[in-house]
1. Is it the case, given these coordinates, that residue 148 is at pLDDT 95 or above, under 25 Å from residue 34 (Cα atoms) and charged (D, E, K, R)?
2. State whether the residues of segment 151-165 include one that is in contact with a strand residue (DSSP E or B) (Cβ under 8 Å, 6 or more places away or on another chain), polar (S, T, N, Q) and either surrounded by fewer than 18 Cβ atoms within 10 Å (Cβ to Cβ) or free of Cβ contacts under 8 Å to residues at least 12 places away in the same chain (or both).
3. Please find, within segment 72-101, the residue that is modelled with the highest pLDDT out of those that are closer than 19 Å to residue 113 by Cβ and surrounded by fewer than 18 Cβ atoms within 10 Å (Cβ to Cβ).
4. Mind listing just one residue for me: the one in segment 36-56 that is touching a strand residue (DSSP E or B) at 6+ places or on another chain (Cβ under 7 Å) and part of a loop (DSSP other than H, G, I, E, B) and, of those, surrounded by the most Cβ atoms within 10 Å (Cβ to Cβ)?
5. Please count how many residues of segment 79-121 are assigned to a helix (DSSP H, G or I) and closer than 26 Å to residue 160 by Cβ.
6. Give the residue, chosen from 16, 59, that is charged (D, E, K, R), outside any helix (DSSP H, G or I) and either farther than 11 Å from residue 151 by Cα or touching a residue at least 12 places away in the same chain (Cβ under 8 Å) (or both).
7. Go through (1) part of a helix (DSSP H, G or I); (2) surrounded by 21 or more Cβ atoms within 10 Å (Cβ to Cβ); (3) of a type outside the set (A, V, I, L, M, F, W, C); (4) touching a strand residue (DSSP E or B) at 6+ places or on another chain (Cβ under 9 Å) for residue 124 and report which single condition fails.
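The values are calculated or read from the model by the stated rules, or taken from the named source; none is laboratory data. Values in this document were obtained by computation on a predicted structure and should not be read as measured data. FYI the Cβ positions are ideal-geometry reconstructions off the backbone, even for glycines, and counts take in every protein chain you see.
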Amino acid sequence: MLDLIRKRQSDRRYLDQPVEPEKLDRILEAGRLSPSACNAQPWKFIVVDDRNLIQKLADAASAKILGMNSFVAQAPVNIVIVREKANLSSRIGSTIKNKDYSLIDTGIAAENICLQATAEGLGSCMIGWFDETMVRKILGIPAVKRVELIITIGYPSGETRTKKRKPPEEVISRNRY
């Protein structure tokens, strides 16, 4: 598992090569099987493989002033994660603890999707910077729903980079802060 985690990275360049349906099915299954608070499963995954829609999503994700996210259009598949209403138990827990478990849950599902993509020999990148209203309009998502992430999926054209991480002693402590 650690080898897979070490290999997974945010890929921003993709080959012009389609993703095999069986690989995409396994990636989506990894997201679907993700754990969630009170088994709420507060997500819907929208698979976008229509080139015209992907271009529109890229426009919604592109910050032209900052030069960000233009690569979204290169990916043959985008998975849009919509946060759904959690079940009653999860919502009560979120209220009592002042912690939005459904947001945590969608993040877990997103990482499972990305790890499975890596296991399939594919690259991925989670995009959180986009015009949510525009994405809703493009994909017909109801206004009451939250679009949390766009995940690009495809065969990476770049190389695996060395991860730059803080040393363990900066991020891990034992028995107290």
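1. Spelling it out, residue 148 is indeed at pLDDT 95 or above, under 25 Å from residue 34 (Cα atoms) and charged (D, E, K, R).
2. Checking segment 151-165: at least one residue is in contact with a strand residue (DSSP E or B) (Cβ under 8 Å, 6 or more places away or on another chain), polar (S, T, N, Q) and either surrounded by fewer than 18 Cβ atoms within 10 Å (Cβ to Cβ) or free of Cβ contacts under 8 Å to residues at least 12 places away in the same chain (or both).
3. 74
4. Quick first cut of segment 36-56, residues touching a strand residue (DSSP E or B) at 6+ places or on another chain (Cβ under 7 Å) only: 42-49, 54.
Checking which are part of a loop (DSSP other than H, G, I, E, B) leaves us with 42, 49.
Working: 42: 25, 49: 16.
By that ranking, first place goes to 42.
5. Residues meeting the conditions: 13.
6. Only one candidate passes the filter, namely 16.
7. Failing condition for residue 124: (1).
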